[in-house]
Number of protein chains: 2
Amino acid sequence: MVVCLRLPSLTSSLFSSATANSLRRSPSFLRRRSIRQLPPSTLAAARFSAQGTAATEERADEKSKSGANSQERVITPRSQDFNAWYLDIIANAELADYGPVRGTMVIRPYGYAIWEAIQEYLNVKFKETGHSNMYFPQFIPYSFIEKEASHVEGFSPELALVTIGGGKELEEKLVVRPTSETIVNHMFTQWIHSYRDLPLMVNQWANVTRWEMRTKPFVRTLEFLWQEGHTAHATLEEAENEAIQMINVYTKFAYEQAAIPVIAGRKSRVETFAGASRTYTIEAMMGDRKALQAGTSHNLGQNFSRAFGTQFTDENGQRLHVWQTSWAVSTRFVGGIIMTHGDDAGLMLPPRLAPIQVVIIPIWKKDDDKTGVLNAASSVKDLLQTAGFKVKLDDSDQRTPGWKFNFWEMKGVPLRIEIGPRDVSSGSVVISRRDIPGKQGKVFGISMEPSTLAAYVKDKLGEIQASLLGHATLFRDSNIVDVSSYDELKVAISQGKWARGPWSASDEDELKVKEETGATIRCFPFEQPQGIKTCLMTGNPAEEVAIFAKSY
Amino acid sequence: MVVCLRLPSLTSSLFSSATANSLRRSPSFLRRRSIRQLPPSTLAAARFSAQGTAATEERADEKSKSGANSQERVITPRSQDFNAWYLDIIANAELADYGPVRGTMVIRPYGYAIWEAIQEYLNVKFKETGHSNMYFPQFIPYSFIEKEASHVEGFSPELALVTIGGGKELEEKLVVRPTSETIVNHMFTQWIHSYRDLPLMVNQWANVTRWEMRTKPFVRTLEFLWQEGHTAHATLEEAENEAIQMINVYTKFAYEQAAIPVIAGRKSRVETFAGASRTYTIEAMMGDRKALQAGTSHNLGQNFSRAFGTQFTDENGQRLHVWQTSWAVSTRFVGGIIMTHGDDAGLMLPPRLAPIQVVIIPIWKKDDDKTGVLNAASSVKDLLQTAGFKVKLDDSDQRTPGWKFNFWEMKGVPLRIEIGPRDVSSGSVVISRRDIPGKQGKVFGISMEPSTLAAYVKDKLGEIQASLLGHATLFRDSNIVDVSSYDELKVAISQGKWARGPWSASDEDELKVKEETGATIRCFPFEQPQGIKTCLMTGNPAEEVAIFAKSY
């Protein structure tokens, strides 16, 4: 291991190249614009035409009128400035806001609901794979951090330290946990006596603190939320199986829930976290084609057990050090969802993680129509909720339907149901897909009959989920270039793409690539091409291809 | 308001009288005994007789043989030393352990699972009553704490301060949140503009830090977990209704889930938290008859909105300060459950919060019987799990049935199912209740037929839940004495009881009672007796009775 970073971490900030944009915007990482700033006057025209129409194509026209008029929008076009677009979405969709302390973030209800959906899924999977939740204190004696040499080297530059407690200077500084391996091992040492106590498999949902200098909401904040799994095993093989099992849990989650086609693989020695025998990672391609490390799973070997004396007595009475793993996914994942699926209209959420899967917009012009429309909208809401969907009925009088269309598109709600007077008469609704803009995504005359409508909504949400994954996979695959020489690699990286090529060169060569191109080895993917390989850098035989990319 | 304490807090440590026991034991709040220390040799006799018997009364005898032999037990009898008993349960049932930093606690999986059950219930209720979860950063600029005069007075003695971040001395010290009113108001001020933004109703599940000098696991720790609700409203009336609504949610939770017959009421002025117009509380009587403040809900009035300038524009264009509430329940509640229901055998958990509701103990002597017994036990487990119960099958070879009986009783599991060879032959099981010791709680010959067994288990768990509440209510009511004079109050308190009597005396008189008896006004209960009342202290007319007690 040549370079010691931190462990376990979801970032690799020592090597990270912040974009010019994020530097320009630092330290005010969120721009203070609000959807409230949509000029009401420019939407007035939309108001009229939207309110007057029901299940007709005029609404689609109206929608595109107000939607396409970009000077009304407060979201910077994605192609124009990816970072500004990202920050605009976070502010406008009310996902997060500044905390008063530099680099901290308040996670607002809509953003937190996405995190809750992530938690709900993973928490079940962790329990199914034999882990118990528990809670370790966040204050760690400074001496603990120093016990593992590479750990202190990786973390000491970014620690927050408590030096005063109860009005008095403390004898020993306390570290506000940046990760919990040290305190976990301190406790494991007391709980593990014999092989009967193994494996010990726990997880905690917690906040962690790292004094990051360049922050970006969700992606890198001074305090963030995560889960950290910690396990101890009797053999190396068991620990390895566990590390692999958990990266597989993350991979399945990314594909099936977040619709993010991550590439799972092993980190290079340079990028392996300090103390780990191996680090496994899932790497996601964002909309600007930069890589986001979205989850990691470490086989820690006996590094911490040796530093802390975490031993057990085996069947033969021998004292042995345990083999360990740790693995984590954090609120960073929310950033990954935004940057994978969002478009110029705003957020686009995968149905399985969306806090609101279906928004219902009632449309009326005459007061006579209002009651009928609202009653129909309300019963559609009830029937869909009963069928298990997450539904929002936006029946406020204060905004026009056109404004609401834009607003809920910007919030990334997968399906919109429109109900006007003609729909009420015909007992049907209009349904629009968030992922297909305009007329193409709009279907008229879907029956309000409960089982028909619920089945239709279920199908469409399934289609959207699959479509988001398909779209992201196409985008990913069209932006990975197979290279066989360093020159080809440089071209690919300079075009903003990922370069995949055989690699068996030295750590020094890897650092040279980083220095000269800004790209790092994201991973040696688990899925490897067949055939004989020749290292792109040295021409020597290579066993594996690596993926190089610039990253967050 | 005469005395300014903290807000919102689940403790009242400035006034709290630690028991002699807890002082003697401080700072090592957990004694390091382990169930592993049960001498295997003394259980050897039990092993034999236990393995040989099936659905016969001999098992009950065997059980009482190993169970009643107190020198084998590591749990101090409750009557002998309540505090030692409490700490023994926490250690032996593996609910919690010491953290390396004084006063911190590691919540172990079994203890954390109780907290998760509390969270699951309350989280649903919070959402049903219109609150959204979100997350505020834990680092608060020190200047925020100083903005509300009584807030800083109450909290500054027990703050943990971060003074170093990223290797540098910080310009402004950061407070590790002891509660979040200040940072919440800082953010609310940015989000609330008009009456349309109200009410704003949020909650967070978080860790908080208070530099307590006298700690006791769950009851008072340096860091603890809680939920804190924060709301802002347009009128005082709305805020008052919200504060009442949330103390009612807590009350219902305590009765129906935790089987703790709390007394809900209003705090006296002396005990009202700083900044609150009113504090509502639920007070629980522990097994030693001391009161535990188990949850609070504050009507904050405009105290924080004035300090932070949290204003809105009403329908008439006027700028007004919002009216606020906050409310909290913490991991302290786990301590309340232990101290309400536990007995000399250990923990006794209410079925609705028990991580394991039913434990199945297979019993065999001959190897020939083993497979049949284990198969039957396994299918009983499956059928009960399918029926929605939380079930544990303890099929380990390493312990005798007698040892397992004791162990799972000590862990507080409500129901035990025993299955031996004769049970397999007869297609039935033996079921024992945790809350009724010995033969009385044991029923033989319950059919293994799935719907019969599931219905039986459901009934029994319901009976146990009701029985725990009934038992605790009887205990509570037999230990509350109606008093009409200060002398009577002093007698009641000196007997360790709660005193209930009419009170309209001054804050000074209230403090005198505290000084002379160690008791404080726990609350003016919502449920008030009818009729004319005369203040027990002054003889003046009184509108309400108050409850006085010593407390944690």
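The values are calculated or read from the model by the stated rules, or taken from the named source; none is laboratory data. All values reported here derive from a predicted model rather than from experimental measurement. FYI the Cβ positions are ideal-geometry reconstructions off the backbone, even for glycines, and counts take in every protein chain you see. What goes into the accessible areas is simple: the full protein's heavy atoms, side chains included, and nothing from ligands, DNA or RNA. Shrake-Rupley method; radii C 1.70, N 1.55, O 1.52, S 1.80 Å.
Here the Karplus curve 6.51 cos²θ - 1.76 cosθ + 1.60, taken at θ = phi - 60°, turns the phi angles of region A:531-541 into couplings of x, 6, 10, 10, 4, 5, 8, 10, x, 6, x Hz, with x standing for Gly and Pro.
Computed over the protein assembly as shown, the percent of Cα pairs more than 61 Å apart is 13. The calculated FRET efficiency for the pair residue A:318 and residue A:94, based on their C-beta separation and a Förster distance of 60 Å, comes to about 0.55.
Among the listed pairs A:216/A:252; A:252/B:392; A:173/B:267; A:497/A:533; B:127/B:533; A:458/B:458, give every one whose C-alpha distance is greater than 32 Å.
Correct reply: A:173/B:267; B:127/B:533; A:458/B:458.
By its C-alpha gyration tensor, with a ≥ b ≥ c as the square roots of the eigenvalues, how is region B:336-406 shaped: rounded for a/c under 1.5, else prolate for a/b larger than b/c, else oblate? It comes out oblate by the Cα gyration axes. Look at the stretch A:126-137: the mean tally of other chain Cβ atoms within 10 Å of its residues' Cβ atoms is 5. In terms of its C-alpha gyration tensor, region A:85-341 has an oblate overall shape, because the principal axis ratio a/c (a ≥ b ≥ c, square roots of the eigenvalues) is not below 1.5 and a/b does not outweigh b/c.
Modelled spin-label separation between residue B:396 and residue B:454, with each label point placed 7 Å from Cα along the Cα-to-Cβ direction: 3.0 nm.
Scanning residues 5 or more positions from residue B:235 or on other chains, those with amide H under 5 Å from its amide H are B:323, with H placed 1.01 Å from N in the peptide plane. Cut-off under 12 Å on the C-alpha distance; same-chain residues fewer than 8 positions from residue A:404 excluded. Which aspartates and glutamates are left, in chain and number order? Hits, sequence-local ones excluded: A:394, A:395, A:418. Partner shielding of A:227-239 amounts to 0, given as the average count of beta-carbon atoms from other chains within 10 Å of each residue beta-carbon. Cα centroids of region B:367-436 and region A:268-323: 38 Å apart. A Förster radius of 35 Å combined with the Cβ-Cβ distance from residue B:473 to residue B:379 puts the calculated FRET efficiency at roughly 0.35. A cut-off of 5 Å between modelled amide H atoms, ignoring neighbours fewer than 5 places along the same chain, links residue A:160 with A:176, A:211, B:166.
Site pair residue B:540 and residue B:116 shows an inter-label distance of 5.4 nm when each label is modelled 7 Å from Cα along Cα→Cβ. Near residue A:461: Cβ cut-off under 13 Å, other residues only, Lys/Arg at +1 and Asp/Glu at -1. The net charge is +4.
The Cα atoms of region A:480-549 cover 28, 24, 19 Å along the three principal axes, with the biggest extent listed first.
Multiplying the residue separation of residue A:466 and residue A:488 by 0.36 nm and removing their Cα-Cα distance gives an extension gain of 4.6 nm.
Phi-derived couplings, Karplus 6.51 cos²θ - 1.76 cosθ + 1.60 at θ = phi - 60°, listed residue by residue for region B:281-296: 9, 10, 10, 10, 8, 7, x, 9, 6, 7, 8, 10, 6, 9, x, 9 Hz, with x used for Gly and Pro. Computed from backbone phi with θ = phi - 60° and the Karplus coefficients 6.51, -1.76 and 1.60, the 3J(HN,Hα) list for region B:217-234 is x, 6, 6, 7, 10, 4, 10, 9, 9, 7, 10, 10, x, 9, 9, 10, 9, 7 Hz; x is used for glycine and proline.
With a ≥ b ≥ c the root eigenvalues of the C-alpha gyration tensor of region A:208-342, is it rounded (a/c under 1.5), prolate (a/b larger than b/c) or oblate? Verdict is prolate for region A:208-342. The longest part of chain B holding none of the exposed loop GluC sites (Glu not before Pro), meaning those outside H, G, I, E and B in DSSP with at most 12 other Cβ atoms within 10 Å, is B:58-314. With a length cut of 24 Å (Cα positions projected on each helix's long axis) and a Kyte-Doolittle mean of at least -1.0, go through chain A and give me the DSSP H helices that pass. Sorted by number, the helices that extend far enough and score high enough are A:109-128, A:236-256, A:367-386, A:450-477.
Each label point was placed 7 Å from the Cα along the Cα-to-Cβ direction; for residue B:127 and residue B:515 their separation is 5.2 nm. Most simply put, the protein assembly as shown has about 85% antiparallel DSSP beta bridges, counting only bridges with both residues inside it. Take residue A:321: with every protein chain present and a 1.4 Å probe, its accessible area is about 40 Å². For residue B:342, the residues whose amide H sits under 5 Å from its own are B:348, ignoring neighbours fewer than 5 places away on the same chain, with H placed 1.01 Å from N.
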